[in-house]
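Each remark here refers to the structure printed beneath this line.
The values are calculated or read from the model by the stated rules, or taken from the named source; none is laboratory data. Keep in mind it's a predicted model, so treat the numbers as computed, not measured. Here the Cβ is made from the backbone with ideal geometry for all residues, glycine too, and neighbour counts use every protein chain on show.
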Amino acid sequence: MDAPRDPDAAHDPDPGPGRAAGLAELDRRVEGCRACPRLVAWREEVARTKRAAFADWTYWGRPVPGFGPSDARLLIVGLAPAAHGGNRTGRMFTGDRSGDVLYQALYDVGLASQPTSVAADDGLELYGVRVTAPVHCAPPDNKPTPGERDTCRPWLVQELRLLRPTLRAVVVLGGFGWQAALPAFAEAGWTVPRPRPAFAHGARVSLDGLALFGCFHVSQRNTFTGRLTPEMLRDVLRTAAERAGLP
Ligand code: SF4
C-alpha cells in the first residue's frame, strides 16, 4: 500500500514557515523541510528499511504536517510523528497505537467522522479540530533533542498565528508538548504567565482567553498501564470541546 500523496511533488528546496499565506500552504511547505540532519537521516532510513508488517507500503518519510480544518476551534498538540505511524502514512497519529486511542476518543465525543485513522486517504474528517505536533519529523526513540524542538518551533508558531482567528481551546498531550508549546504561544503573540505553568494531567491555563488543557500523552506506555484511560482522555476532550464551542 502506498502513502497517497506524492512526496516529491511537495519538495521545496527553500522551505520556511514565514511566507505561508494560509494553512494549506504552510502544510505544503513543512513537508519539504530538511533543517534537522539527524531527523532527516532517521525518517528516511526508516522509510527505506520499513517494518516487516508494512513492507508493501511506500513510507511517507518526510515531515508530517498538521491535520484538520484551517478554521479549527480546538487544537491538539502531541509530541512528534511515530517512525512507523505518521512517518509511514503522512498523517499525524495515523497508523499507530497512540493514534488508535486518540481518534477513537475524538470519535466518541463527536469530533471525528470515524473511529479509526489508518491511512491519509481513509476519508477521516475532523470537526473543528486540528492535530499537530511541535516536532514534525519522527525522532529516534520518540525523543527529539531540545535543539530539534527549537528548530521546529517556527512551524508551530506560524500554525498558531494562522489558526488564531478561530482557535478557542488547546489540548496538549504530555510534558514535552507542553514545554514546547508554551514558548510557541508566547512567540505567536499570546500572553503566557511567568513563571510558566507546570504540566499536569488536568492542568488548565488561560492565555488571553484561549483555554489550554494538559493531558497525559496517548503513548502506549500511558494507555497500556492505565495512567491514561479512554475515559480520562474523553473527559479532557469533551471539556476542551465545550470550551471551544464544539461540536
Ligand atoms: S523536525 Fe521540524 S525543523 Fe526539523 S527537519 Fe523536521 S520539519 Fe524541519
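Does residue 27 fit the bill of being part of a loop (DSSP other than H, G, I, E, B) and within 18 Å of the chain's Cα centre (by Cα)? When the stated conditions are applied, residue 27 does not pass them. Evaluate the following for residue 148: is it modelled with pLDDT of 95 or more and touching a Cys at 6+ places or on another chain (Cβ under 7 Å)? Here the answer is yes, as residue 148 does meet what is asked.
Annotation note: Cβ proximity below 8 Å between a residue of the stretch 37-56 that is closer than 16 Å to residue 142 by Cα and a residue that is surrounded by 17 or more Cβ atoms within 10 Å (Cβ to Cβ) and aliphatic (A, V, I, L, M) (sequence gap 6+ or interchain) occurs for 39/135; 39/138; 42/83; 42/138; 43/83; 43/138; 46/83; 46/138.
Residue selection: residue 93 satisfies the criterion of being within 20 Å of residue 24 (Cα to Cα) and in contact with a Gly (Cβ under 6 Å, 6 or more places away or on another chain). State whether the residues of the stretch 170-184 include one that is more than 20 Å from residue 244 (Cα to Cα), more than 16 Å from the chain's Cα centre (by Cα) and away from the ligand (no atom under 12 Å from the Cβ). Checking the stretch 170-184: at least one residue is more than 20 Å from residue 244 (Cα to Cα), more than 16 Å from the chain's Cα centre (by Cα) and away from the ligand (no atom under 12 Å from the Cβ).
In the stretch 21-57, which residues are more than 16 Å from the ligand (Cβ to nearest atom), basic (Lys, Arg) and surrounded by 12 or more Cβ atoms within 10 Å (Cβ to Cβ)? Correct list: 50, 51.
Residues checked against (1) farther than 17 Å from residue 128 by Cβ; (2) of a type in the set (Val, Ile, Thr); (3) in contact with a helix residue (DSSP H, G or I) (Cβ under 7 Å, 6 or more places away or on another chain):
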position	(1), (2), (3)
188	yes, no, yes
208	yes, no, no
216	yes, no, yes
221	yes, no, no
242	no, no, no
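All conditions in (1) part of a loop (DSSP other than H, G, I, E, B); (2) more than 16 Å from the ligand (Cβ to nearest atom); (3) among the aromatic types (Phe, Trp, Tyr) hold for residue 60, with the sole exception of (2).
Every residue, every condition in (1) closer than 19 Å to residue 65 by Cα; (2) in contact (Cβ under 8 Å) with a residue 40 or more places away in the chain; (3) surrounded by fewer than 17 Cβ atoms within 10 Å (Cβ to Cβ); (4) within 16 Å of the ligand (Cβ to nearest atom), yes or no:
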position: 107; (1), (2), (3), (4): no, no, no, no
position: 110; (1), (2), (3), (4): no, yes, yes, no
position: 113; (1), (2), (3), (4): no, no, yes, no
position: 119; (1), (2), (3), (4): yes, yes, no, no
position: 128; (1), (2), (3), (4): yes, yes, no, no
position: 134; (1), (2), (3), (4): yes, yes, no, yes
position: 141; (1), (2), (3), (4): no, no, yes, yes
position: 144; (1), (2), (3), (4): yes, yes, no, yes
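Residues that are among the charged types (D, E, K, R) and either closer than 18 Å to residue 144 by Cα or not in a helix (DSSP H, G or I) (or both) within the stretch 30-48 comprise 31, 34, 38, 43, 44, 45, listed in sequence order.
The residues listed here are 243, 194, 161, 238; of these, the one that is over 21 Å from residue 108 (Cα atoms), of a type in the set (Lys, Arg) and more than 18 Å from the chain's Cα centre (by Cα) is 194.
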